[in-house]
Each structure stands twice: as structure tokens, then as C-alpha cells.
Amino acid sequence: MRILWVKAGKLLPVDTGGKIRSYNILKQLARSNVVTVLSYYGGPRDSNYESAIASEFQGAQTMHTAALDGSFSAQLVDYLLRMFQPAPFAVSKFTDVRVQGKLVSWLHGDNFDVAVCDFLSASQNFPQSPAVPCVLFQHNVETALWRRLASTESNLARRLAYKVEARKMERYETAALRRFPRVIAVSDHDRELMLQMNPGGQVTVVPTGVDTHAFIVAEHAEADSPKIVFTGSMDWEPNIDAVTYFCREVFPAIRAEFPSVIFQIVGRNPHAKVQRLASDSVQVTGTVPSVADYLRDATVVAVPLRIGGGTRLKIFEAMAIGKALVSTSIGAEGLDVQSGRDLLLADDPKSFVDAILLLLRNGDLRRKYEQAAVKLASQHDWSRIAEHFTVVLKAAVRDSKNSN
């Protein structure tokens with residue numbers, strides 16, 4: 001197949017969950033298909049990025065669409081200018097007339113067999129009635145994410161803005177789910193939410209994967225000087241909320257039982273709220289060369305997410321390395337995991353404390369969960385995930401031919 005993949009923003013470096021998912025599926029698709037990546041981005045012109053993605057994906061094209069300086073004041077002005085547009089800010093800020101023009105040209109010609117809109121953010125650039133079948137790859141249910149942000153935000157101004165964006169997102173996302181003839185979700189949970197918004201829609205689940213070659217099984221970690229690890233982009237609101245909640249409501253009770261315990265917050269661009277959590281027992285690493293190195297040394301991996309959507313790549317990465325996990329239900333939402341078999345789920349501070357202490361105190365039990373984690377992760381290598389993705393793309397091409 002000749003596949004066009006449209007990505008709003010930069011794909012490299014591969015340092016967020018969405019990028020990891022897209023990058024690995026793209027690499028697998030490119031093995032047996034002709035894949036053209038269109039990556040358009042704002043901010044300063046980045047010739048290094050343009051060269052890097054061209055070397056990663058033959059025939060990749062980039063478009064530099066805006067030169068905002070990225071400061072808070074510039075982003076605030078941009079938001080205010082777009083406030084009265086019907087599309088939510090998370091979509092309108094990635095909409096560009098030049099990208100729209102290029103897609104009109106490409107998707108009304110005979111250059112491609114199928115096109116993929118990677119995330120909802122790029123969707124407003126797609127023409128309404130393209131000749132080429134288009135598939136929406138929806139990593140999250142954005143409406144649910146914005147609603148959760150609004151429900152957990154303590155700042156009044158932010159909460160109001162999140163509520164406005166949630167309402168706009170609900171209208172826009174519902175329309176987008178109807179506009180794209182086929183949609184790919186990353187979990188059964190997300191699929192059900194999408195079908196509630198668009199009953200009868202063609203929504204197929206392609207689950208999350210993991211690079212089992214990069215995340216190699218580590219040796220069993222002892223709990224003499226335990227390390228609890230959390231990984232993720234630390235400028236993303238759900239992750240900020242997760243580690244703040246953990247440090248304030250969970251970690252003190254664990255430290256009372258294990259005074260030498262260390263909580264490591266591993267991930268890029270730590271927000272000021274996250275940096276303020278740093279102490280003699282809480283380490284905030286910032287960007288690291290390899291998340292796998294920190295996971296390898298972890299005694300237990302914690303995923304105390306209270307907000308979010310899609311699926312958590314961090315869980316499968318920790319599992320592939322062979323780590324026992326404690327997560328909230330939201331943290332493991334959409335993954336084929338079972339509490340008590342693959343990991344432990346805990347949705348309030350006391351149960352989260354109890355679950356982590358149970359694993360720290362009982363090495364044999366911890367080893368049981370480590371082994372179960374490796375077994376589950378081995379079934380989700382990206383090569384298998386890409387096969388599922390290919391089936392959906394071929395179905396979109398077949399449906400398009402049958403309708404003509």
C-alpha cells in the first residue's frame with residue numbers, strides 16, 4: 001500500500017507516549033509498504049529535525065507552519081485569539097491553510113491508497129470529501145481527557161478554561177468521528193466511548209505495544225534500599241497530577257515503613273510543580289538518555305494516574321523489563337491486564353500504600369508479578385501491533401473501492 005501519514009507537530013525525538021506509538025507503528029508499516037510521513041510543526045525552524053525525520057523515513061516531508069516563540073505569554077495570546085473559534089484550541093492551533101492546501105492536492109489525486117490522520121489535532125486540515133480513504137488514529141478520547149482535567153483542576157481560571165474546551169471538544173470530536181469512515185482506537189474502553197458519541201461508527205481497536213528488543217528483562221530487584229519509579233513526560237498535566245498526588249498522599253506512609261526508600265520521577269521537561277517535589281527521598285531526573293535504565297533498577301513501578309485517556313505505554317515498558325506494578329484503574333485503563341494476576345490496582349491512597357508495601361515486604365510475591373508482567377508484554381511486540389493496524393488500513397481501501 002501507499003500510505004500517507006499526517007502528523008501535527010514533531011515526531012522526533014520519540015519522547016512521549018503518542019510519539020512512541022506512532023513511531024513504532026510507522027517503522028513496522030514501512031517494512032512492507034510505501035509510507036510518506038508529513039510532519040508539520042510550529043516554533044522556530046528546525047533544520048536538524050527535518051534532516052532527522054528524512055533519514056528515519058524515506059520520502060518524509062516537513063512543513064514549518066508558525067514561528068511562535070513558545071513562551072507562556074505567546075501561548076496565552078494565541079489561545080485568546082482562537083477562543084471564539086468553534087474548534088477546540090487543541091485542534092485549531094494545529095490547523096494551517098498551507099497544510100490544508102497540500103492535503104487537498106494529495107487526497108484528490110492518485111498518489112496514495114490510504115491516509116492516516118495521526119491524532120485528532122491534525123483532523124481539521126483534512127478535506128471533507130477526499131478521493132483517498134482516510135483513517136483517524138485516535139490515541140485518546142479527547143473529550144474524556146478534558147472533562148477529567150476540568151474535574152480535578154483546583155485553579156478556578158484553569159478549571160473554567162478546561163470546561164469550555166471540554167464542551168468544544170465534545171462537539172468537534174463527535175463530528176470528527178462521524179466524518180472519518182474508519183477510526184482506530186487503542187483500547188476497548190476508548191472504543192466504547194467513541195461509539196457512544198457515534199453509534200454505528202467503524203471503530204477498531206489496535207492495542208498498545210512495546211519494543212521487546214529495547215526493553216530487556218532485568219534481574220530481580222531486592223528491597224534493601226527500595227526504589228519506586230514513575231516515568232512519563234513531566235510537562236503533561238495528568239502526569240503532574242499523578243506524582244503530586246503520590247508524593248502528598250501515598251509516599252509518606254511508605255517512607256515511614258522504609259526510611260531509605262527513593263521515589264524517582266523520570267521524564268522530560270519537569271514542570272515547576274514537579275521540581276518542587278524534589279527532596280532527599282524524591283528524585284526528579286528531567287530528560288534522561290534511557291528510561292529503561294531507571295526501570296531496570298526499580299523495585300516497584302508506580303502509576304498513580306487520576307486523569308488520562310488512551311493506554312499507558314509506561315505500563316507495558318515496565319512489564320517488558322520485568323517489574324511489579326501498582327497502578328490506579330485509570331492508569332491501567334484500556335490495557336488487557338487483571339489486578340491480582342498481572343499487577344495490583346489501587347484507587348485510593350490507603351490501598352495504594354498497602355499494595356506497594358505488600359510488594360516491598362514480600363520478595364516472592366514481587367517475583368510472581370515480575371514474571372507475569374514479562375509474559376504479558378511479550379505478546380505485545382510492535383510487529384504484532386502493526387499487523388492489526390495494516391488490517392484496518394486494507395479494510396478502508398477495500399471499502400472505498402466497493403463504494404465507487
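The values are calculated or read from the model by the stated rules, or taken from the named source; none is laboratory data. Since the structure is predicted, the reported quantities are computational estimates derived from the model, not experimental observations. Cβ atoms come from the backbone with ideal geometry, glycine included; neighbour counts cover every protein chain shown.
Below is a table of values for the structure above.
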| item | result |
| --- | --- |
| Verdict on Val288 being more than 25 Å from Arg191 (Cβ to Cβ) and part of a helix (DSSP H, G or I) | no |
| Qualifying residue in the stretch 333-350 (condition: at negative phi, part of a helix (DSSP H, G or I), surrounded by 15 or more Cβ atoms within 10 Å (Cβ to Cβ) and modelled with pLDDT of 95 or more) | yes |
| Residue tally, condition closer than 22 Å to Gly109 by Cα and either surrounded by fewer than 21 Cβ atoms within 10 Å (Cβ to Cβ) or not assigned by TED's automatic domain parsing to the domain that holds Ala185 (or both), over the stretch 127-159 | 5 |
| Count - residues of the stretch 353-376 that are farther than 19 Å from Phe258 by Cα and of a type in the set (A, V, I, L, M) | 4 |
| Failed item, numbered, when Arg398 is tested on (1) under 30 Å from Val114 (Cβ atoms); (2) touching a residue at least 60 places away in the same chain (Cβ under 8 Å) | (2) |
| Scan of the stretch 182-200 for residues that are modelled with pLDDT of 95 or more, in a loop (DSSP other than H, G, I, E, B) and closer than 22 Å to Pro130 by Cβ, ordered by number | Asn198 |
| Residue match in the stretch 113-121 (condition: within 20 Å of the chain's Cα centre (by Cα) and assigned to a helix (DSSP H, G or I)) | yes |
| Within the stretch 28-49, tally of residues that are in a helix (DSSP H, G or I), out of contact with any strand residue (DSSP E or B) (no Cβ under 8 Å at 6 or more places or on another chain) and surrounded by 17 or more Cβ atoms within 10 Å (Cβ to Cβ) | 1 |
| Looking only at the stretch 233-283, and only at residues there that are outside any helix (DSSP H, G or I) and of a type in the set (Lys, Arg), the one that is surrounded by the fewest Cβ atoms within 10 Å (Cβ to Cβ) | Arg276 |
| Residues within the stretch 327-349 that are more than 28 Å from Gln138 (Cβ to Cβ) and in contact (Cβ under 8 Å) with a residue 24 or more places away in the chain, tallied | 3 |
| Which listed residue is in the same structural domain as Leu357 (by TED's automatic domain parsing), modelled with pLDDT under 95 and touching a strand residue (DSSP E or B) at 6+ places or on another chain (Cβ under 7 Å), from Ile315, Ile265, Ile307 | Ile315 |
| All positions within the stretch 221-232 that are surrounded by fewer than 21 Cβ atoms within 10 Å (Cβ to Cβ) and in a strand (DSSP E or B) | Lys227 |
| Ala320 vs. criteria assigned by TED's automatic domain parsing to the domain that holds Asp354, closer than 24 Å to Leu26 by Cα and either of a type outside the set (Asp, Glu) or not in a loop (DSSP other than H, G, I, E, B) (or both) | yes |
| Positions within the stretch 351-381 being within 21 Å of Ala185 (Cβ to Cβ) and crowded, with 16+ Cβ neighbours inside 10 Å, in sequence order | Leu376, Ala377, His380, Asp381 |
| Output for the stretch 99-150, where each listed residue is without any contact (Cβ under 8 Å) to a residue 40 or more places away in the chain and among the hydroxyl-bearing types (Ser, Thr, Tyr) | Ser105, Ser129 |
